1. Grab the Cα-Cα distance for THR137 and ALA48, subtract it from 0.36 nm times how many residues apart they are, and report the gain in nm with one decimal.
2. Could you calculate the contour length gain from LYS167 to ARG190, that is, 0.36 nm times the residue separation minus the distance between their Cα atoms, to one decimal place in nm?
3. Out of residues 5 or more away from VAL84 or on other chains, whose amide H comes under 5 Å of its own, with H placed 1.01 Å from N in the peptide plane?
4. Within 10 Å, at most 16 other Cβ atoms, and a DSSP state outside H, G, I, E, B define an exposed site. Report the longest part of the chain free of exposed GluC sites (Glu not before Pro).
5. Please list, or write none, the aspartates and glutamates whose alpha carbon is within less than 20 Å of the alpha carbon of LYS139, excluding same-chain residues fewer than 8 places away.
6. Divide the volume of the convex hull of the Cα atoms of the chain by its number of residues and quote the answer in cubic angstrom per residue.
7. If each DSSP helix of 4+ residues adds -39,500 (n - 2.57) and the sum is divided by the residues in the chain, what number results at 222 nm, nearest 500 deg cm²/dmol?
8. Between helix 20-33 and the chain, what is the angle of the helix's C-alpha long axis to the longest principal axis, kept within 0 to 90° and rounded to the nearest 10?
Amino acid sequence: MAAEIRQAVAAGIIVEIESMTELTRVASAGEELGLIPQVAVRVNPDFAVKGSGMRMGGGPQQFGIDAEVVPDVLSAAAGLGVDVLGFHIFAGSQNLNAEIIAEAQRRTVDLVTELAVHLPGELRYINLGGGFGIPYTEKDQPLDLDAVAANLHDLVEVITSRFPQAKPVIELGRYIVGECGVYVTQVVDRKISRGRTFLVVDGGMHHQLAASGNFGQAIRRNYPLVVGNRVDEAADESANVVGCLCTPLDLLGDDVALPPADIDDLIVIFQQGAYGLTASPTAFLGHPAPAEVLV
Ligand SMILES: Cc1ncc(COP(=O)(O)O)c(C=O)c1O
């Protein structure tokens with residue numbers, strides 16, 4: 001940790017601090033290197049965002065510094081030889097409602113405006129976080145990006161008028177890469193248990209935790225999946241697609257309409273480009289890691 005912080009400080013990277021401890025670590029790195037570290041404070045806002053798959057701010061949180069404590073942290077920072085450029089607020093991930101995202105971003109700018117008076121200098125950095133959602137099921141409506149963009153356009157004008165030196169940043173994750181990835185796994189067994197068909201595959205939640213519904217879903221829903229080598233065939237069978245781990249959590253498709261599939265067929269799951277392999281418990285049962293192919 002200390003080595004990574006030193007590297008970041010030496011490279012002049014803005015280090016976003018999430019606690020007083022992190023602030024002191026960055027300050028020590030600056031002292032050792034004879035440099036003034038550039039930092040931003042990640043703030044746990046005093047508001048929460050509805051409709052997000054995962055809440056990342058509001059209420060008690062492991063992320064960021066509670067908004068009401070930030071003035072004290074800034075006072076401490078003033079005596080520690082660090083340069084606080086601004087703030088980062090990220091309220092929630094996987095939101096498909098443009099108006100809620102817009103409202104969260106407006107509230108973020110308002111909160112930053114309140115906090116900026118406690119900075120010793122000008123506000124130079126404002127990170128509005130990520131959170132733009134992507135559709136995972138047929139019921140999901142894609143995000144109205146034009147509405148988000150129109151709001152951001154207005155907000156950038158507000159930011160520029162209030163803080164002429166501030167650089168606004170958004171930090172998107174899944175919106176950029178989520179839809180680019182597919183996960184392919186092969187059927188190794190087909191079983192009927194008391195009338196229900198199970199397709200057992202050679203992959204599972206150790207490769208794609210999110211597809212099993214155990215990452216960011218309050219209610220488990222199937223990700224879009226097809227039998228890759230039977231896409232032209234009628235989906236007239238209902239099956240459960242299960243992984244090869246020793247837990248019922250390892251469920252990739254619950255009661256999915258599929259063409260009758262068998263051993264060696266390929267199950268293809270879409271929307272897998274974000275929070276995939278690296279967000280999964282790959283060591284569970286010690287199965288080999290899948291190939292990741294960039295095309
Ligand atoms: C600090 C931070 N920024 C950005 C992101 C990306 O979020 P999203 O995929 O919702 O855009 C995350 C995701 O957890 C995050 O923790």
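1. Details: separation 89, 0.36 × 89 = 32.04 nm, distance 2.46 nm.
Length difference between fully extended and current span is 29.6 nm.
2. Working: separation 23, 0.36 × 23 = 8.28 nm, distance 5.53 nm.
Extra length from LYS167 to ARG190 when fully extended: 2.8 nm.
3. Amide H to amide H, under 5 Å and 5 or more residues apart or across chains, VAL84 pairs with VAL39.
4. On the way: sites that count: GLU122, GLU138, GLU171, GLU233, GLU292.
That gives 1-121 as the longest site-free run.
5. GLU99, GLU179, ASP254, ASP255
6. On the way: hull volume 46.6 nm³, N = 295.
In the chain, the Cα hull volume divided by residue count equals 158 Å³.
7. Working: 6 runs with 73 residues, N = 295.
Result for the chain, helices only: -7500 deg cm²/dmol.
8. Approximately 70 degrees, to the nearest 10.
The values are calculated or read from the model by the stated rules, or taken from the named source; none is laboratory data. Just so we're clear, the structure is a prediction, and the values are computed from it rather than from any experiment. Glycine gets a Cβ as well: all are built from the backbone with ideal geometry, and neighbour counts include every protein chain shown. For the accessible areas, the whole protein counts, side chains as well, though only heavy atoms, and no ligand, DNA or RNA atoms are used. Shrake-Rupley method; radii C 1.70, N 1.55, O 1.52, S 1.80 Å.
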